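The values are calculated or read from the model by the stated rules, or taken from the named source; none is laboratory data. On a predicted model such as this, the values are computed, not experimentally measured, just so you know. For neighbour counting, all protein chains shown are included, and Cβ atoms are generated from backbone atoms with ideal geometry for every residue, glycine included. SASA here: full protein model, heavy atoms, side chains in, ligands and nucleic acids out. Shrake-Rupley method; radii C 1.70, N 1.55, O 1.52, S 1.80 Å.
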Amino acid sequence: MGCGASSQKDAGPPRRRLGSVGDVVVFLPGLRAPRTVDFAHALAGCGVARSVVDRLSALRSRVVEMAMQESAAALKPRRRTAARHGSSTANLLQTLEDYLPVLLGLVKDGSILRHKVQFTWSNQEDSAEETAISDAWYEVLSVLHLMAMVCLLQANTLLLPRSYGDGYAPRVSEESRRATVDVFLKAAGYLDCAIRHVLPKMPLELRRQLPVDLAEGNLKALCLQALGQGVDMQLGLAIDSPKATLAVKRRLACEMVKYWQQVQESIPELPVSDGWGKKHRLFVKWKYVEAKAAAYYFHGLILDEGNTEKSHGMAIAALQASEEFLKESKRVSEAFHATPPTSRSPNPFGTAKYLFDKIPRDASSKVRINQDLYTQEKVIGAPPPLPDFALALTPEDYDLPPLDPLWNKEDTHH
């Protein structure tokens, strides 16, 4: 069996027509699902212990079943309770973490087993419905990608409004928002590991045959998205904290702009005729523009604290820019949710709610006050440049796990 890639558009079940995915706060391009593998047949005559073959078969069968169930559930607009959904995604993540140490035995120290098994996974963003590759590193890459997507699915569930039975309307708690920061960092850690430690193991000609779902640019874009949404949560918490200064809020907002700018620079060309490509690009544009609205708003407020006509003029330009970016973000958000698979936008919270409440009022009032002070003409000018801050949020450290002890037994082939 060779190590080349094959993609099928007609093999297997037809691609599910994308309908609605319900409430979306955190974007993920569906879940790639693995197809069944017969390890006993593929590894026959290779001297692999029966206990290892059985363990590989059992764990991967569980992954196949659970990933298919989770993928199907993710495409249903019907809401599930956060606790129930959180439990199912946690179980899938744990199974993937159990599978990885056993799987890594196939690539240990240049093992001849690396190319013995053909692994097939469904795609979500690539034009090919499935990609089959006889290379165990492809399987490792696909597992890490799925682990990251499961984390993003968990984050989306945490950020949906919940009723707490206290007489208040459903809301997203501060505890949930804090918890999602850790989930975002974990997702980024899996993707960062895939980029730094797995992709380099694959020859360039094979990397060029990977589906766009696993292209290096897409992995980087999703990693940066997780960090950008993590900063979004931090900014929302800072907005709610009376101790957080304007300078702190501006810094977080400017960092968020840089993350989303880097997402735009990293994301590859995605097919837009089918699947998730168009929706993915709209999400990135929406969040980039929304981040700019926040950054220019806080920058304008700080400039307005100056005592000169110049600083007040720059404040007006920044606040006017924030208002225009906010309007654009609303338009792009509506386009995102209307693009198949259609989705719903839950009530805004955190940063977004604050921006919609404050920017229209503050921008118009401060512009009016400053115009009355300095000129009767409408102040129109290019917004001042945003401050450049170093990015503080980084992926959680994640390394590939050590081999499962089953591989160290004497009767196991090395």
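The Rg/Rh ratio of the stretch 103-249, with both radii computed over alpha carbons and Rh defined as the Kirkwood radius, is 1.11. Solvent exposure of the chain, expressed per residue, is 45 Å² of accessible area, with all protein chains present and a 1.4 angstrom probe.
Relative to the longest principal axis of the Cα atoms of the chain, the long axis of helix 216-240 lies at roughly 40 degrees. A P(r) calculated from all alpha carbon pairs of the chain, with 20 Å bins opening at zero, reads 25, 50, 21, 4, 0 percent. Which entries of LYS287/LYS366; LYS258/LYS292; LYS258/LYS278; LYS186/LYS292; LYS285/LYS366 show an alpha-carbon separation above 19 angstrom in the structure shown? Pairs exceeding the cut-off: LYS287/LYS366; LYS258/LYS278; LYS186/LYS292; LYS285/LYS366. Using the Cβ-Cβ distance between ALA44 and ARG171 with R0 set to 60 Å, the FRET efficiency from 1/(1 + (r/R0)^6) comes to roughly 0.60. Here the chain carries DSSP beta bridges of which approximately 85% are antiparallel, counting only pairs with both residues inside. Report, to the nearest 10°, how far helix 350-374 tilts away from the longest principal axis of the Cα atoms in the chain, using its own Cα long axis and a range of 0 to 90°. Taking Cα atoms only, the helix is inclined about 30 degrees.
By accessible area, using a 1.4 Å probe on protein heavy atoms only, the chain has 51% of its surface on carbon and sulfur. Modelled spin-label separation between SER311 and THR245, with each label point placed 7 Å from Cα along the Cα-to-Cβ direction: 1.4 nm. Label positions at SER365 and ASN91, each projected 7 Å from the Cα along the C-beta direction, are separated by 5.2 nm. The stretch 246-310 and the stretch 178-236 have Cα centres spaced 19 Å apart.
Taking LYS116 as the anchor, which aspartates and glutamates have their alpha carbon closer than 17 Å to its alpha carbon, excluding any fewer than eight residues away along the same chain? Leaving aside aspartates and glutamates fewer than 8 places away in the same chain, those within reach of LYS116 are ASP38, ASP54, ASP135, GLU139.
For the stretch 118-168, what is the convex hull volume of the alpha-carbon atoms per residue, in Å³?
Looking at the stretch 118-168, the number lands at 94 Å³ per residue.
Helix 277-303 versus the longest principal axis of the chain: what is the Cα-based angle in degrees, 0 to 90, to the nearest 10? Long axis of 277-303 versus the principal axis of the chain: about 40 degrees. Quick one: which residues, 5 or more positions from GLY22 or on another chain, have an amide H under 5 Å from its amide H? H modelled 1.01 Å from N in the peptide plane, none for Pro or chain starts. Under 5 Å from the amide H of GLY22: ARG344.
For the peptides 335-341, 228-234, the ranking by mean Cβ contacts within 10 Å, running from highest to lowest, is 228-234, 335-341. Which residues make up the longest stretch of the chain that has no trypsin sites (Lys or Arg not before Pro) in a DSSP loop with at most 10 other Cβ atoms within 10 Å? Here the longest segment lacking exposed loop sites spans 244-377. With each label modelled as a point 7 angstrom along the Cα→C-beta vector, the ARG208-LYS353 pair spans 5.1 nm.
Residues TYR138, TYR168, sorted by accessible area with the largest first, give TYR168, TYR138 [1.4 Å probe; ligands and nucleic acids excluded]. For the stretch 253-390, the Kirkwood hydrodynamic radius comes to 16.1 Å, computed from all pairs of different C-alpha atoms. As a check on your grasp of the helix formula, calculate [θ] at 222 nm for the chain: sum -39500 (n - 2.57) over DSSP H runs of n ≥ 4, divide by the residue count, round to the nearest 500. My calculation for the chain gives -19000 deg cm²/dmol from helical runs alone. When only the Cβ of Lys, Arg, Asp and Glu is charged (+1, +1, -1, -1), the dipole of the stretch 44-194 relative to its Cα centre reaches about 480 debye. The mean sequence distance of close C-alpha pairs (under 8 Å, at least 6 residues apart), as a share of the length of the stretch 183-276, puts its relative contact order at 34 percent.
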